Amino acid sequence: MIYIALLRGVNVGGKAMVSMVALKACFEQLGFTHVMTYINSGNVIFNSTDVSTDTLARRIEASLDQTFDPGIRVLVKTNDELQALAAAIPSSWVNNADMRCDIMFLWREIDKPTIVNELPIKPDIEDVRYLPGAALWRIDRPQITKSRMTRIIGTPLYKQITIRNANTVRKLASLANEIS
């Protein structure tokens, strides 16, 4: 079965620096096959016979603790989950010079529709939608400085989220389909 591992906070601001070559080798040492990394932000597509995403995440985190910096959190999604999420992103929501669109992947503890009420958004300039496993956030670039979304950084809520932009999520879904 194809899975996508999303590592939280790697290669961001000079912290938790992880080489994608070493990361791929780490996954292969765990016995995973068809291992592929995408960009330098901790995205790994792989095949495994395990069926529990929670078990996979724990195994990967334990290996990362031994190989890289301790404490790197991992969220694992099935290919079906990622495909459904990528398909649900409105086609007009992109990450480009005019618009910013991020997908906030949610750990199980905060994965609920009411999560959108906990985010510090301004509904008149930002769009936020809940999908199982994620919150989608969209804002026009000229409005970014008016957003309060950065206020979640450093909060307990923020530690239960890993973020990818919409373009990355769509690309991960495409790559995962190529090896499935």
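The values are calculated or read from the model by the stated rules, or taken from the named source; none is laboratory data. Only a predicted model underlies this, so the values are computations on that prediction, with no experimental measurement involved. Counting neighbours? That spans all protein chains shown, and the Cβs are built from the backbone with ideal geometry, glycine included.
Taking each residue of the range 104-133 that is basic (Lys, Arg) and looking for partners that are crowded, with 17+ Cβ neighbours inside 10 Å and part of a strand (DSSP E or B) with beta-carbon atoms closer than 8 Å, six or more apart or interchain, yields LYS112/TYR130; ARG129/ALA135; ARG129/LEU136. Taken over the range 106-165, residues that are out of contact with any strand residue (DSSP E or B) (no Cβ under 8 Å at 6 or more places or on another chain), within 25 Å of ASN40 (Cβ to Cβ) and surrounded by 12 or more Cβ atoms within 10 Å (Cβ to Cβ) amount to 2. Of everything listed in (1) in contact (Cβ under 8 Å) with a residue 60 or more places away in the chain; (2) touching a helix residue (DSSP H, G or I) at 6+ places or on another chain (Cβ under 6 Å); (3) farther than 12 Å from VAL74 by Cβ, the single unmet condition for SER41 is (2). Restricting attention to the range 168-180 and to residues that are among the polar types (S, T, N, Q) and in contact with a strand residue (DSSP E or B) (Cβ under 8 Å, 6 or more places away or on another chain), the residue that is nearest to LYS122 (Cα to Cα) turns out to be THR168.
The residues of the range 136-155 that are within 19 Å of PRO113 (Cβ to Cβ) and not in a helix (DSSP H, G or I), listed by number, are LEU136, TRP137, ARG138. Could you list all residues from the range 84-103 that are within 18 Å of TYR130 (Cβ to Cβ) and either free of Cβ contacts under 8 Å to residues at least 24 places away in the same chain or not acidic (Asp, Glu) (or both)? ALA84, LEU85, ALA86, ALA87, ALA88, ILE89, PRO90, TRP93, CYS101, ILE103, listed by residue number. Evaluated against (1) among the polar types (S, T, N, Q); (2) closer than 21 Å to ASN165 by Cβ; (3) outside the structural domain of GLY133 (by TED's automatic domain parsing), SER91 falls short on exactly one condition, (3).
Has the range 98-107 got any residue that is closer than 19 Å to THR168 by Cα, in contact with a Gly (Cβ under 8 Å, 6 or more places away or on another chain) and at pLDDT 95 or above? Among the residues of the range 98-107, at least one is closer than 19 Å to THR168 by Cα, in contact with a Gly (Cβ under 8 Å, 6 or more places away or on another chain) and at pLDDT 95 or above, which makes the answer yes.
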